Structures are given as C-alpha cells and as structure tokens.
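K.L.:
My questions all concern the structure below.
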Amino acid sequence: MDRVTLQAEKRDRAGKGVARSLRREGFIPAVLYRAGQSIPLKMRRKELASFISSTAGEQVMVNLEFPDGDKRLALVKDYQVDPIRGELLHTDFFEVLLTEKVRVTVAVSTTGEPVGVKRDGGILQHGIREIEIECLPDKIPGHITVDVSSLGLGKSIHVGDLSLGEHIKILTDPEEVIATVTAAVAEEAAAPVAPEIAEPEVIKKGKKEEEASGEKS
C-alpha cells in the first residue's frame, strides 16, 4: 500500500484550551495510540489537512517522523472536522508494526454498468460500502473495487464473492450484499373505479298501510 511521510511533534499538554492554542498557531492536535497507550502529538495543519483531504476513503500508511529522529509507522484511526467551517480539528493514529496483523476497515466501490441495467432496464442498488479485513499492514489495500458489469437482473454480489488473496482475511459476514440489480418498479396502475352503487329503492309503505287500515276498519 501507499506510504506518506508526515512530520509530528510530541506535546506535554492536553485539553480544549491547549487544542485551541495549537490551532491558532497553525497546528492540529493529534494522538498516536499503541497497545492501550497514547502519545499526544501536534502536527502542521496545512500538511495534515492536505493529507486527510487527498486520502479520504483510502487506507494509507503513514511514516510519522519526529524532530529527535524517532519514526513511527501508523494508520489513521479517526479524525474530526468542524461541521460548519469544514476545518480539520483533530486526528487519531494507531501505530502498527510490519510483523503484526491488524484489523482495519476498507472502503468498497463498484465499477462498470451491469448487463441487467443496460440490457434489461434494471436498477443497480448498493449494499455495504466497506468491509473489515485482517492482514499485515503492508498488505492492506487502499480500497476495494468490484466490477459489476456482468451482474444480471435479480443477481447480487456478496462479500463472500470477493477474492482478496491468501494474505488477507475478510471478517465481514460473507452474506452481506455489496451490489444487486433489481427490476424497475412499474408505475402503479390506476386504481379501478368502483362501480356506482344504485340508491336503494324507497319502499312506499304509506299507501299500503293506509289501505290495510281501511280494510280493518
């Protein structure tokens, strides 16, 4: 997988006030996690924001380099973005070793136009957009692309249909659907007009009742 080198500095202080001060100074607060421990970091906003923006949705190995010559290999675990201004606020990394397998989530996308759509007028529907895998860090794919060109009407591609090689173990349920082609829903037929119900005939009892009364009198 791809690797990117980023500069990082260890910091002694933490907290919201410290984070705000760092941002005013052009830094982004970050944390490096490893085996239940964490190291607070600060990283240049421009460099880190550019990296996060350009690799969104991808798994990329990061070489963290420190001023004292220390180097750490890591993956992005999570990051926070201001919902209004869209500015990067914080980033979490987790340290990895090339000799230890890791569990990560990898994005899944599709390519191609299914034959069931092009020929039969079906509709391509997407299922899950990411899967969990386990492998050595240098075997992690940046993302997974699934070709759906041969997918016919009523057919699906499941996680179990993926083949990522013997070095990658898929942890997601193999029955999960990645893509399926369904028949287009026909326009709902016009509701049948209910037959007009004739008004019930009014039984004219008055005259007969009067006649009956006259006969009795």
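Quick note: the coordinates plus some simple rules give every number you see, no bench work behind them. These numbers come from a predicted model, not from an experiment. Here Cβ is always computed from backbone atoms with ideal geometry, including for glycine, and neighbour counts include all displayed protein chains.
K.L.:
For Cα pairs less than 8 Å apart in space and 6+ apart in sequence, what is the mean separation divided by the residue count of region 103-182, i.e. the relative contact order in percent? Could you put the intermediate results ahead of the total?
P.N.:
Working: 167 pairs, mean separation 33.0, N = 80.
That works out to 41 percent.
K.L.:
Between the helical axis of 206-216 and the dominant principal axis of the chain, each derived from Cα atoms, what acute angle in degrees is found, rounded to the nearest 10?
P.N.:
40
K.L.:
Would you mind working out the magnitude of the charge dipole of region 3-96 relative to its Cα centre, with +1 at each Lys and Arg C-beta and -1 at each Asp and Glu C-beta, to the nearest 20 Debye?
P.N.:
About 280 debye.
K.L.:
Also, I was wondering about something else. Can you find, among 32, 115, 22, the residue farthest towards the positive end of the dipole of the chain? Put +1 on the C-beta of Lys and Arg, -1 on that of Asp and Glu.
P.N.:
The Cα lying farthest towards the positive end belongs to 22.
K.L.:
If you don't mind, there's one more thing I want to ask. Under the rule of at least 5 residues apart or a separate chain, name every residue whose amide H is placed under 5 Å from the amide H of residue 176.
P.N.:
When sequence neighbours closer than 5 places are left aside, the close amide H contacts are 159, 160.
K.L.:
What is the dipole size for region 61-112, taken about its Cα centre, with +1 at each Lys and Arg Cβ and -1 at each Asp and Glu Cβ, in debye to the nearest 20?
P.N.:
I would put it at about 260 debye.
K.L.:
Rounded, prolate or oblate: which one fits region 8-76, using the alpha carbon gyration tensor with axes a ≥ b ≥ c (rounded when a/c is under 1.5, else prolate when a/b beats b/c, else oblate)?
P.N.:
Oblate, since a/c reaches 1.5 and b/c is not below a/b.
K.L.:
If I compute P(r) over Cα pairs in 10 Å bins from 0, in percent from the structure I just sent, which labelled value in [x] 9, 34, 35, 18, 5, 0; [y] 7, 23, 20, 15, 10, 6, 3, 4, 4, 4, 3, 1, 0; [z] 8, 36, 39, 15, 2, 0 lines up?
P.N.:
It is the value labelled [y].
K.L.:
Quick one: which of 96-103, 1-8, 36-43 comes out on top by average Cβ neighbours within 10 Å, and what's the full order, highest first? Write down the numbers at each step before the final one.
P.N.:
On the way: 96-103: 12.2, 1-8: 14.6, 36-43: 16.1.
Result, highest mean Cβ count within 10 Å first: 36-43, 1-8, 96-103.
K.L.:
How much of the DSSP beta bridge set in the chain is antiparallel, as a percent to the nearest 5?
P.N.:
Here the antiparallel bridges make up roughly 75 percent for the chain.
K.L.:
Enter the angle in degrees (range 0 to 90, nearest 10) between the Cα long axis of helix 45-54 and the first principal axis of the Cα atoms of the chain, meaning the one along which they spread out most.
P.N.:
The two axes meet at around 50 degrees.
K.L.:
Run through the DSSP bridge list for region 3-96 and note the antiparallel percent, rounded to the nearest 5.
P.N.:
70
K.L.:
Counting Lys and Arg as +1 and Asp and Glu as -1, each charge on the Cβ, what is the dipole of the chain about the Cα centre in debye, to the nearest 20? Before the final figure, lay out each step's value.
P.N.:
Working: 30 positive and 36 negative charges, 274 e Å.
In debye, rounded to 20, the chain gives about 1320.
K.L.:
Here's a follow-up. Among 106, 143, 181, whose Cα sits farthest toward the positive end of the charge dipole of region 103-182 (+1 at Cβ of Lys/Arg, -1 at Cβ of Asp/Glu, about the Cα centre)?
P.N.:
Of the listed residues, the answer is 181.
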